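Chemist: Quick one: structure below, then a few questions.
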Amino acid sequence: MNTIQVRTSSRDEMMDITRKVQQAVEESGVQEGIVYIMSAHTTAGITINENADPDVKTDMLQRLADVYPWEDPKDRHMEGNTAAHLKTSTTGASQVVIISGGRLVLGTWQGIYFCEFDGPRSRNVHVKILHG
Amino acid sequence: MNTIQVRTSSRDEMMDITRKVQQAVEESGVQEGIVYIMSAHTTAGITINENADPDVKTDMLQRLADVYPWEDPKDRHMEGNTAAHLKTSTTGASQVVIISGGRLVLGTWQGIYFCEFDGPRSRNVHVKILHG
Amino acid sequence: MNTIQVRTSSRDEMMDITRKVQQAVEESGVQEGIVYIMSAHTTAGITINENADPDVKTDMLQRLADVYPWEDPKDRHMEGNTAAHLKTSTTGASQVVIISGGRLVLGTWQGIYFCEFDGPRSRNVHVKILHG
(Lines give C-alpha, C1' and ligand atoms only; values in the text may rest on other atoms or scores of the structure.)
Protein backbone atom coordinates (compact mmCIF):
# COMPACT_ATOMS: atom_id res chain seq x y z
CA MET A 1 0.00 0.00 0.00
CA ASN A 2 1.23 3.48 -0.92
CA THR A 3 -0.01 6.74 0.52
CA ILE A 4 -0.14 9.80 -1.72
CA GLN A 5 -0.12 13.12 0.10
CA VAL A 6 -2.02 15.98 -1.47
CA ARG A 7 -2.30 19.62 -0.42
CA THR A 8 -5.52 21.32 -1.43
CA SER A 9 -5.85 25.08 -1.77
CA SER A 10 -9.55 25.89 -1.43
CA ARG A 11 -12.67 24.67 0.34
CA ASP A 12 -14.01 22.81 -2.69
CA GLU A 13 -11.56 21.42 -5.20
CA MET A 14 -11.22 18.53 -7.65
CA MET A 15 -7.54 17.59 -8.03
CA ASP A 16 -6.49 15.25 -10.84
CA ILE A 17 -4.35 12.49 -9.30
CA THR A 18 -4.34 10.14 -12.33
CA ARG A 19 -0.59 10.49 -12.94
CA LYS A 20 0.25 9.77 -9.31
CA VAL A 21 -1.87 6.62 -9.40
CA GLN A 22 -0.32 5.54 -12.71
CA GLN A 23 3.13 6.10 -11.18
CA ALA A 24 2.26 3.89 -8.20
CA VAL A 25 1.09 1.19 -10.63
CA GLU A 26 4.33 1.39 -12.59
CA GLU A 27 6.45 1.19 -9.44
CA SER A 28 4.55 -1.94 -8.36
CA GLY A 29 5.45 -3.74 -11.58
CA VAL A 30 1.93 -5.20 -11.73
CA GLN A 31 0.84 -5.78 -15.33
CA GLU A 32 -2.68 -7.14 -14.81
CA GLY A 33 -4.90 -6.39 -11.86
CA ILE A 34 -6.83 -3.76 -9.98
CA VAL A 35 -5.92 -0.55 -8.19
CA TYR A 36 -7.96 0.93 -5.34
CA ILE A 37 -7.74 4.66 -4.62
CA MET A 38 -9.07 5.61 -1.17
CA SER A 39 -9.52 8.86 0.68
CA ALA A 40 -8.61 8.58 4.38
CA HIS A 41 -11.09 11.34 5.24
CA THR A 42 -14.81 11.90 5.78
CA THR A 43 -14.95 15.33 4.14
CA ALA A 44 -13.03 14.42 0.96
CA GLY A 45 -13.83 11.73 -1.58
CA ILE A 46 -12.59 10.22 -4.82
CA THR A 47 -14.39 10.27 -8.16
CA ILE A 48 -13.72 9.49 -11.81
CA ASN A 49 -14.82 12.19 -14.22
CA GLU A 50 -13.86 14.42 -17.16
CA ASN A 51 -10.18 15.33 -17.56
CA ALA A 52 -10.47 17.71 -20.52
CA ASP A 53 -12.54 20.87 -19.98
CA PRO A 54 -11.78 22.34 -16.51
CA ASP A 55 -15.24 23.95 -16.55
CA VAL A 56 -16.68 20.51 -15.79
CA LYS A 57 -14.98 20.60 -12.38
CA THR A 58 -16.25 24.12 -11.74
CA ASP A 59 -19.78 23.11 -12.69
CA MET A 60 -19.66 19.91 -10.64
CA LEU A 61 -18.56 21.71 -7.48
CA GLN A 62 -21.20 24.41 -8.03
CA ARG A 63 -23.97 21.87 -8.60
CA LEU A 64 -22.96 19.88 -5.50
CA ALA A 65 -23.01 23.12 -3.49
CA ASP A 66 -26.52 23.80 -4.78
CA VAL A 67 -27.73 20.33 -3.77
CA TYR A 68 -25.91 20.35 -0.41
CA PRO A 69 -25.65 24.03 0.64
CA TRP A 70 -22.85 24.83 3.09
CA GLU A 71 -25.25 26.31 5.62
CA ASP A 72 -28.51 24.67 6.52
CA PRO A 73 -30.46 25.85 9.58
CA LYS A 74 -31.50 22.23 10.31
CA ASP A 75 -27.89 21.03 10.70
CA ARG A 76 -26.87 20.02 14.24
CA HIS A 77 -23.20 19.11 13.69
CA MET A 78 -21.26 21.82 15.55
CA GLU A 79 -18.27 21.68 13.22
CA GLY A 80 -20.45 23.22 10.50
CA ASN A 81 -19.23 21.01 7.66
CA THR A 82 -22.21 18.68 7.26
CA ALA A 83 -22.38 19.50 3.54
CA ALA A 84 -18.83 18.14 3.08
CA HIS A 85 -19.86 14.83 4.66
CA LEU A 86 -22.79 14.54 2.24
CA LYS A 87 -20.66 15.31 -0.80
CA THR A 88 -18.13 12.68 0.31
CA SER A 89 -20.76 9.96 0.59
CA THR A 90 -22.17 11.05 -2.79
CA THR A 91 -18.89 10.76 -4.73
CA GLY A 92 -17.70 7.89 -2.53
CA ALA A 93 -14.59 7.46 -0.40
CA SER A 94 -12.88 5.30 -3.02
CA GLN A 95 -12.67 4.29 -6.65
CA VAL A 96 -11.27 1.26 -8.41
CA VAL A 97 -9.55 1.08 -11.81
CA ILE A 98 -8.51 -1.95 -13.88
CA ILE A 99 -4.80 -2.39 -14.72
CA SER A 100 -3.96 -3.98 -18.07
CA GLY A 101 -0.48 -4.14 -19.62
CA GLY A 102 0.81 -2.11 -16.67
CA ARG A 103 -1.51 0.81 -17.52
CA LEU A 104 -4.69 2.17 -15.98
CA VAL A 105 -7.70 1.24 -18.12
CA LEU A 106 -9.48 4.59 -18.36
CA GLY A 107 -11.70 5.97 -21.10
CA THR A 108 -10.40 8.86 -23.21
CA TRP A 109 -11.97 11.51 -21.01
CA GLN A 110 -11.71 9.76 -17.64
CA GLY A 111 -9.42 11.10 -14.92
CA ILE A 112 -9.17 10.15 -11.23
CA TYR A 113 -9.98 13.06 -8.93
CA PHE A 114 -9.33 13.73 -5.28
CA CYS A 115 -12.40 15.73 -4.21
CA GLU A 116 -11.73 18.21 -1.41
CA PHE A 117 -14.94 19.37 0.24
CA ASP A 118 -13.61 21.06 3.40
CA GLY A 119 -10.20 22.49 2.55
CA PRO A 120 -7.67 23.76 2.29
CA ARG A 121 -5.92 20.89 4.04
CA SER A 122 -3.16 18.30 3.79
CA ARG A 123 -4.77 14.98 2.90
CA ASN A 124 -3.85 11.31 2.47
CA VAL A 125 -4.91 9.01 -0.36
CA HIS A 126 -4.19 5.30 -0.01
CA VAL A 127 -3.37 3.30 -3.14
CA LYS A 128 -3.56 -0.49 -3.02
CA ILE A 129 -2.74 -2.72 -5.98
CA LEU A 130 -3.96 -6.29 -6.42
CA HIS A 131 -2.42 -8.62 -8.98
CA GLY A 132 -4.84 -10.89 -10.82
CA MET B 1 -10.76 -8.21 -19.06
CA ASN B 2 -13.86 -8.28 -21.26
CA THR B 3 -15.58 -5.30 -22.82
CA ILE B 4 -19.36 -5.33 -23.20
CA GLN B 5 -20.72 -2.99 -25.83
CA VAL B 6 -24.10 -1.46 -25.23
CA ARG B 7 -26.24 0.75 -27.44
CA THR B 8 -28.56 3.12 -25.59
CA SER B 9 -31.67 4.60 -27.14
CA SER B 10 -32.49 7.74 -25.16
CA ARG B 11 -30.77 10.53 -23.23
CA ASP B 12 -31.45 8.97 -19.83
CA GLU B 13 -31.71 5.22 -19.57
CA MET B 14 -31.03 2.42 -17.09
CA MET B 15 -30.15 -0.77 -18.97
CA ASP B 16 -30.04 -4.07 -17.08
CA ILE B 17 -26.70 -5.77 -17.90
CA THR B 18 -26.84 -8.45 -15.17
CA ARG B 19 -27.09 -11.34 -17.64
CA LYS B 20 -24.14 -10.09 -19.67
CA VAL B 21 -22.01 -9.85 -16.52
CA GLN B 22 -23.14 -13.32 -15.39
CA GLN B 23 -22.21 -14.64 -18.84
CA ALA B 24 -18.70 -13.13 -18.55
CA VAL B 25 -18.32 -14.76 -15.14
CA GLU B 26 -19.37 -18.15 -16.52
CA GLU B 27 -16.98 -17.87 -19.46
CA SER B 28 -14.12 -17.11 -17.06
CA GLY B 29 -14.69 -20.34 -15.15
CA VAL B 30 -14.06 -18.49 -11.86
CA GLN B 31 -16.04 -20.05 -9.01
CA GLU B 32 -15.07 -17.77 -6.10
CA GLY B 33 -14.00 -14.15 -6.44
CA ILE B 34 -15.01 -10.65 -7.40
CA VAL B 35 -16.24 -9.02 -10.60
CA TYR B 36 -15.77 -5.33 -11.38
CA ILE B 37 -18.13 -3.62 -13.81
CA MET B 38 -16.81 -0.28 -15.11
CA SER B 39 -18.16 2.39 -17.41
CA ALA B 40 -15.49 3.79 -19.72
CA HIS B 41 -17.31 7.12 -19.87
CA THR B 42 -17.81 10.31 -17.85
CA THR B 43 -21.49 10.76 -18.71
CA ALA B 44 -22.63 7.19 -18.00
CA GLY B 45 -22.27 5.22 -14.76
CA ILE B 46 -23.05 1.85 -13.23
CA THR B 47 -25.43 1.19 -10.34
CA ILE B 48 -27.08 -1.73 -8.59
CA ASN B 49 -30.79 -1.33 -8.02
CA GLU B 50 -34.25 -2.87 -8.39
CA ASN B 51 -34.78 -5.37 -11.20
CA ALA B 52 -38.53 -5.99 -10.78
CA ASP B 53 -40.81 -2.98 -11.24
CA PRO B 54 -39.65 -0.92 -14.27
CA ASP B 55 -41.28 2.14 -12.67
CA VAL B 56 -38.33 2.29 -10.26
CA LYS B 57 -36.05 3.11 -13.20
CA THR B 58 -38.47 5.76 -14.46
CA ASP B 59 -38.70 7.32 -11.01
CA MET B 60 -34.94 7.22 -10.46
CA LEU B 61 -34.18 8.97 -13.73
CA GLN B 62 -36.89 11.56 -13.02
CA ARG B 63 -35.62 12.23 -9.50
CA LEU B 64 -32.02 12.56 -10.71
CA ALA B 65 -33.21 15.02 -13.37
CA ASP B 66 -34.94 17.04 -10.63
CA VAL B 67 -31.79 17.14 -8.49
CA TYR B 68 -29.46 17.83 -11.44
CA PRO B 69 -31.56 19.69 -14.05
CA TRP B 70 -30.29 19.45 -17.63
CA GLU B 71 -30.08 23.21 -18.01
CA ASP B 72 -28.61 25.42 -15.33
CA PRO B 73 -27.80 29.08 -16.10
CA LYS B 74 -24.68 28.83 -13.89
CA ASP B 75 -23.11 26.02 -15.96
CA ARG B 76 -19.97 26.98 -17.89
CA HIS B 77 -19.22 23.71 -19.69
CA MET B 78 -19.87 24.46 -23.38
CA GLU B 79 -20.93 20.91 -24.23
CA GLY B 80 -24.07 21.47 -22.15
CA ASN B 81 -24.05 18.07 -20.44
CA THR B 82 -22.89 19.05 -16.96
CA ALA B 83 -25.90 17.29 -15.41
CA ALA B 84 -24.75 14.00 -16.95
CA HIS B 85 -21.33 14.37 -15.31
CA LEU B 86 -22.98 14.91 -11.92
CA LYS B 87 -25.28 11.92 -12.28
CA THR B 88 -22.28 9.74 -13.22
CA SER B 89 -20.33 10.73 -10.11
CA THR B 90 -23.46 10.17 -8.03
CA THR B 91 -24.11 6.59 -9.19
CA GLY B 92 -20.39 5.94 -9.61
CA ALA B 93 -18.35 4.81 -12.61
CA SER B 94 -18.18 1.22 -11.39
CA GLN B 95 -19.71 -1.46 -9.19
CA VAL B 96 -18.36 -4.66 -7.73
CA VAL B 97 -20.19 -7.94 -7.11
CA ILE B 98 -19.07 -11.06 -5.22
CA ILE B 99 -18.87 -14.37 -7.15
CA SER B 100 -19.70 -17.55 -5.25
CA GLY B 101 -20.18 -20.98 -6.79
CA GLY B 102 -19.70 -19.38 -10.22
CA ARG B 103 -22.71 -17.13 -9.72
CA LEU B 104 -23.13 -13.41 -8.98
CA VAL B 105 -24.13 -12.90 -5.34
CA LEU B 106 -27.04 -10.49 -5.72
CA GLY B 107 -30.08 -9.98 -3.53
CA THR B 108 -33.48 -11.04 -4.86
CA TRP B 109 -34.27 -7.59 -6.25
CA GLN B 110 -30.77 -6.47 -7.22
CA GLY B 111 -29.79 -5.98 -10.85
CA ILE B 112 -26.68 -4.36 -12.37
CA TYR B 113 -27.54 -1.32 -14.46
CA PHE B 114 -25.65 0.63 -17.07
CA CYS B 115 -26.84 4.21 -16.53
CA GLU B 116 -26.87 6.33 -19.67
CA PHE B 117 -27.06 10.03 -18.87
CA ASP B 118 -26.18 11.60 -22.25
CA GLY B 119 -27.44 9.24 -24.95
CA PRO B 120 -28.31 7.76 -27.21
CA ARG B 121 -24.78 6.44 -27.81
CA SER B 122 -22.65 3.34 -28.24
CA ARG B 123 -20.87 2.68 -24.96
CA ASN B 124 -18.26 0.35 -23.48
CA VAL B 125 -18.42 -1.44 -20.14
CA HIS B 126 -15.29 -3.20 -18.89
CA VAL B 127 -15.68 -6.39 -16.88
CA LYS B 128 -12.72 -7.65 -14.84
CA ILE B 129 -12.83 -10.83 -12.77
CA LEU B 130 -10.49 -11.60 -9.86
CA HIS B 131 -10.18 -15.09 -8.43
CA GLY B 132 -9.91 -15.33 -4.66
CA MET C 1 -17.86 -14.94 2.17
CA ASN C 2 -19.56 -14.04 5.46
CA THR C 3 -23.01 -12.59 5.87
CA ILE C 4 -23.65 -10.14 8.70
CA GLN C 5 -27.27 -9.82 9.75
CA VAL C 6 -28.45 -6.47 11.00
CA ARG C 7 -31.77 -5.37 12.44
CA THR C 8 -32.66 -1.74 11.90
CA SER C 9 -35.13 0.14 14.08
CA SER C 10 -36.36 3.10 12.03
CA ARG C 11 -37.07 4.09 8.43
CA ASP C 12 -33.79 5.97 7.99
CA GLU C 13 -30.79 4.87 9.99
CA MET C 14 -27.00 4.75 9.72
CA MET C 15 -25.65 1.78 11.72
CA ASP C 16 -21.92 1.54 12.42
CA ILE C 17 -20.78 -1.96 11.38
CA THR C 18 -17.02 -1.30 11.53
CA ARG C 19 -16.40 -3.70 14.43
CA LYS C 20 -18.32 -6.49 12.75
CA VAL C 21 -16.27 -6.06 9.57
CA GLN C 22 -13.01 -5.95 11.58
CA GLN C 23 -14.09 -9.14 13.34
CA ALA C 24 -14.68 -10.89 10.00
CA VAL C 25 -11.22 -9.78 8.87
CA GLU C 26 -9.62 -11.15 12.04
CA GLU C 27 -11.45 -14.47 11.70
CA SER C 28 -10.18 -14.80 8.13
CA GLY C 29 -6.57 -14.52 9.24
CA VAL C 30 -5.82 -12.32 6.20
CA GLN C 31 -3.02 -9.85 6.97
CA GLU C 32 -2.81 -7.96 3.66
CA GLY C 33 -5.67 -7.52 1.23
CA ILE C 34 -9.05 -6.00 0.58
CA VAL C 35 -12.46 -6.38 2.17
CA TYR C 36 -15.74 -5.75 0.33
CA ILE C 37 -18.86 -4.83 2.29
CA MET C 38 -22.08 -5.24 0.29
CA SER C 39 -25.72 -4.61 0.98
CA ALA C 40 -27.97 -7.32 -0.44
CA HIS C 41 -30.81 -4.83 -0.83
CA THR C 42 -32.00 -2.05 -3.15
CA THR C 43 -33.32 0.23 -0.41
CA ALA C 44 -30.27 0.08 1.88
CA GLY C 45 -26.67 0.97 1.05
CA ILE C 46 -23.20 1.12 2.56
CA THR C 47 -21.12 4.25 3.11
CA ILE C 48 -17.96 5.33 4.91
CA ASN C 49 -18.33 8.46 7.00
CA GLU C 50 -17.78 10.11 10.39
CA ASN C 51 -17.71 7.86 13.47
CA ALA C 52 -17.38 10.53 16.17
CA ASP C 53 -20.24 13.05 16.41
CA PRO C 54 -23.61 11.24 16.04
CA ASP C 55 -25.11 14.52 14.81
CA VAL C 56 -23.36 13.90 11.48
CA LYS C 57 -25.60 10.87 10.92
CA THR C 58 -28.70 12.87 11.86
CA ASP C 59 -27.71 15.66 9.49
CA MET C 60 -26.86 13.27 6.66
CA LEU C 61 -30.21 11.48 6.85
CA GLN C 62 -32.03 14.83 7.02
CA ARG C 63 -30.15 16.25 4.05
CA LEU C 64 -30.77 13.11 1.98
CA ALA C 65 -34.47 13.35 2.85
CA ASP C 66 -34.46 16.96 1.65
CA VAL C 67 -32.82 16.02 -1.66
CA TYR C 68 -34.96 12.90 -2.17
CA PRO C 69 -38.28 13.57 -0.37
CA TRP C 70 -40.23 10.47 0.65
CA GLU C 71 -43.31 11.56 -1.26
CA ASP C 72 -43.12 12.95 -4.76
CA PRO C 73 -46.32 13.32 -6.83
CA LYS C 74 -44.37 12.31 -9.98
CA ASP C 75 -43.36 8.90 -8.58
CA ARG C 76 -44.98 5.90 -10.30
CA HIS C 77 -43.56 3.03 -8.21
CA MET C 78 -46.55 1.62 -6.33
CA GLU C 79 -44.50 0.50 -3.34
CA GLY C 80 -43.96 4.17 -2.47
CA ASN C 81 -40.28 3.86 -1.56
CA THR C 82 -38.67 5.44 -4.62
CA ALA C 83 -36.69 7.83 -2.38
CA ALA C 84 -35.02 4.84 -0.71
CA HIS C 85 -33.88 3.52 -4.08
CA LEU C 86 -32.32 6.89 -4.92
CA LYS C 87 -30.52 7.15 -1.59
CA THR C 88 -29.14 3.63 -2.07
CA SER C 89 -27.69 4.44 -5.49
CA THR C 90 -26.28 7.69 -4.06
CA THR C 91 -24.36 6.07 -1.17
CA GLY C 92 -23.72 2.94 -3.20
CA ALA C 93 -24.54 -0.71 -2.53
CA SER C 94 -20.99 -1.50 -1.39
CA GLN C 95 -17.73 -0.14 -0.05
CA VAL C 96 -14.20 -1.48 -0.06
CA VAL C 97 -11.52 -1.09 2.62
CA ILE C 98 -7.80 -1.98 2.54
CA ILE C 99 -6.50 -4.55 5.05
CA SER C 100 -2.93 -4.07 6.34
CA GLY C 101 -1.36 -5.97 9.23
CA GLY C 102 -4.71 -7.70 9.77
CA ARG C 103 -6.45 -4.38 10.45
CA LEU C 104 -8.85 -2.22 8.43
CA VAL C 105 -7.04 0.82 7.03
CA LEU C 106 -9.45 3.60 7.99
CA GLY C 107 -8.77 7.24 8.77
CA THR C 108 -9.21 8.47 12.34
CA TRP C 109 -12.80 9.55 11.79
CA GLN C 110 -13.88 6.92 9.26
CA GLY C 111 -16.47 4.29 10.15
CA ILE C 112 -18.32 1.81 7.90
CA TYR C 113 -22.08 2.36 7.95
CA PHE C 114 -25.01 0.23 6.93
CA CYS C 115 -27.53 2.78 5.62
CA GLU C 116 -31.15 1.78 6.12
CA PHE C 117 -33.49 3.81 3.92
CA ASP C 118 -36.73 1.81 4.19
CA GLY C 119 -36.78 0.21 7.63
CA PRO C 120 -37.21 -1.08 10.12
CA ARG C 121 -36.19 -4.44 8.67
CA SER C 122 -33.86 -7.40 9.02
CA ARG C 123 -31.06 -7.00 6.48
CA ASN C 124 -28.06 -8.89 5.14
CA VAL C 125 -24.58 -7.51 4.52
CA HIS C 126 -22.10 -9.68 2.63
CA VAL C 127 -18.42 -9.45 3.56
CA LYS C 128 -15.82 -10.84 1.15
CA ILE C 129 -12.09 -10.77 1.83
CA LEU C 130 -9.39 -11.01 -0.84
CA HIS C 131 -5.79 -11.75 0.06
CA GLY C 132 -3.15 -9.84 -1.90
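Chemist: So if I take the centroid of the Cα atoms in segment A:78-132 and the same for segment C:45-111, what is the distance between those two points in Å?
Modeler: Cα centres, segment A:78-132 to segment C:45-111: 17 Å.
Chemist: Let me ask something else about it. Hey, what do the phi angles of segment C:84-93 turn into as Karplus ³J(HN,Hα) couplings, whole Hz, using 6.51/-1.76/1.60 and θ = phi - 60°, x for Gly and Pro?
Modeler: Per residue, the Karplus-derived 3J(HN,Hα) values read 5, 5, 5, 5, 5, 6, 6, 6, x, 7 Hz.
Chemist: While we're here: Only residues of segment C:71-100 count here: report those whose backbone N is under 17 Å from the spot 7 Å along Cα→Cβ of B:Asp53, or say none.
Modeler: Under cut-off, by backbone N: C:71-89.
Chemist: To continue, here is another question. If the label for A:Thr108 sits 7 angstrom from Cα along the Cα-to-Cβ line, what are its distances to the same label in every other copy, in nm to one decimal, shortest first?
Modeler: When each copy's label point is compared with this one, the spacings are 4.5, 4.5 nm.
Chemist: In nanometres, what is the gap between the two model label sites at B:Arg19 and B:Glu71, each 7 Å from Cα along Cα-to-Cβ?
Modeler: The modelled label-to-label distance comes out at 3.9 nm.
Chemist: With everything on Cα atoms, drop me the angle between helix B:18-28 and the longest principal axis of chain B, reported from 0 to 90° to the nearest 10.
Modeler: That helix lies at roughly 40 degrees to the long axis.
Chemist: Here's something else I'd like to know. Quick one: Karplus J couplings for segment B:123-129, per residue in order, coefficients 6.51, -1.76, 1.60, θ = phi - 60°, nearest Hz, x for Gly and Pro?
Modeler: Along segment B:123-129, the couplings run 9, 10, 10, 8, 10, 10, 10 Hz.
Chemist: Checking the table A:Lys57/B:Lys20; B:Lys57/B:Lys87; A:Lys57/C:Lys87; A:Lys87/B:Lys74; A:Lys87/B:Lys20; B:Lys74/C:Lys57 against a 25 Å threshold on Cα-Cα, which pairs fail?
Modeler: Long pairs (Cα-Cα over 25 Å): A:Lys57/B:Lys20; A:Lys87/B:Lys20; B:Lys74/C:Lys57.
Chemist: Turning to a different aspect of this structure: Computing the accessible area with a 1.4 Å probe over protein heavy atoms, can you report the carbon and sulfur percentage for chain C?
Modeler: Roughly 46 percent of what the probe reaches on chain C is carbon or sulfur.
Chemist: Please tell me the relative contact order of chain B in percent, rounded to the nearest whole number, where contacts are Cα pairs under 8 Å and at least six residues apart.
Modeler: Worked out over chain B, it gives 54 percent.
Chemist: A drop of at least 30 square angstrom in accessible area, chain alone versus all protein chains together, probe 1.4 Å. Which residues of segment C:22-37 meet that?
Modeler: Listed by number, the residues meeting the 30 Å² cut-off are C:Ile34, C:Tyr36.
Chemist: May I pose another question? Could you give the semi-axes, largest first, of the ellipsoid that matches segment A:1-52, computed as the square roots of 5 times the alpha carbon gyration tensor eigenvalues and rounded to whole Å?
Modeler: 22, 13, 10
Chemist: Also, I was wondering about something else. For segment B:49-132, which trypsin sites (Lys or Arg not before Pro) pass both filters: DSSP loop (anything but H, G, I, E, B) and at most 15 other C-beta atoms within 10 Å?
Modeler: B:Lys74, B:Arg76, B:Arg121
Chemist: Another question about this same structure. Shortest first and in nm to one decimal, what separations exist between C:Ser122 and its copies in the other chains, measuring from label points 7 Å along the Cα-to-beta-carbon line?
Modeler: From this label point to the equivalent ones elsewhere in the assembly: 5.0, 5.0 nm.
Chemist: Further question on the same structure: Give me the accessible area per residue for the protein assembly as shown, probe 1.4 Å, as a whole number in Å².
Modeler: Roughly 39 Å² per residue, with all protein chains present.
Chemist: Still on this structure: Under the Karplus relation 6.51 cos²θ - 1.76 cosθ + 1.60, θ = phi - 60°, what is the ordered set of whole-Hz ³J(HN,Hα) values for segment A:36-45, x standing for Gly and Pro?
Modeler: Karplus values, whole Hz, x for Gly and Pro: 9, 10, 10, 6, 8, 10, 9, 10, 7, x.
Chemist: Hey, what number do you get for chain C at 222 nm if only DSSP H runs of n ≥ 4 count, each worth -39500 (n - 2.57), divided across all residues, to the nearest 500?
Modeler: -8000 deg cm²/dmol
Chemist: Can I ask one more? Can you tell me the mean projection area, over all orientations, of the convex hull of the protein assembly as shown's alpha carbons? Units nm², please.
Modeler: Here the figure is 17.4 nm², rounded to one decimal.
Chemist: Right, something else. Between helix C:55-67 and chain C, what is the angle of the helix's C-alpha long axis to the longest principal axis, kept within 0 to 90° and rounded to the nearest 10?
Modeler: The two axes meet at around 40 degrees.
Chemist: On to the next question. Rg over Rh of chain C, using C-alpha atoms and the Kirkwood radius, what does it come to?
Modeler: 1.01
Chemist: How big a patch of accessible area, both sides summed and in Å² to the nearest 100, lies buried between C and B at a 1.4 Å probe?
Modeler: 2500 Å²
Chemist: How about segment C:1-108: which GluC sites (Glu not before Pro) there are in a DSSP loop, with at most 11 other Cβ atoms within 10 Å of their Cβ?
Modeler: C:Glu71
Chemist: At C:Glu71, with labels set 7 Å past Cα in the Cβ direction, how many nm apart are the copies from this one, shortest first?
Modeler: The projected label point of C:Glu71 is separated from its counterparts by 3.2, 3.2 nm.
The values are calculated or read from the model by the stated rules, or taken from the named source; none is laboratory data. Bear in mind the structure is a predicted one, so any value in this text is a computation, not a measurement. When we count neighbours, we look across all protein chains shown, and the Cβ atoms used for this are built from the backbone with ideal geometry, even at glycine. Just the protein is used for accessible areas: all its heavy atoms, side chains included, with ligands, DNA and RNA removed. Shrake-Rupley method; radii C 1.70, N 1.55, O 1.52, S 1.80 Å.
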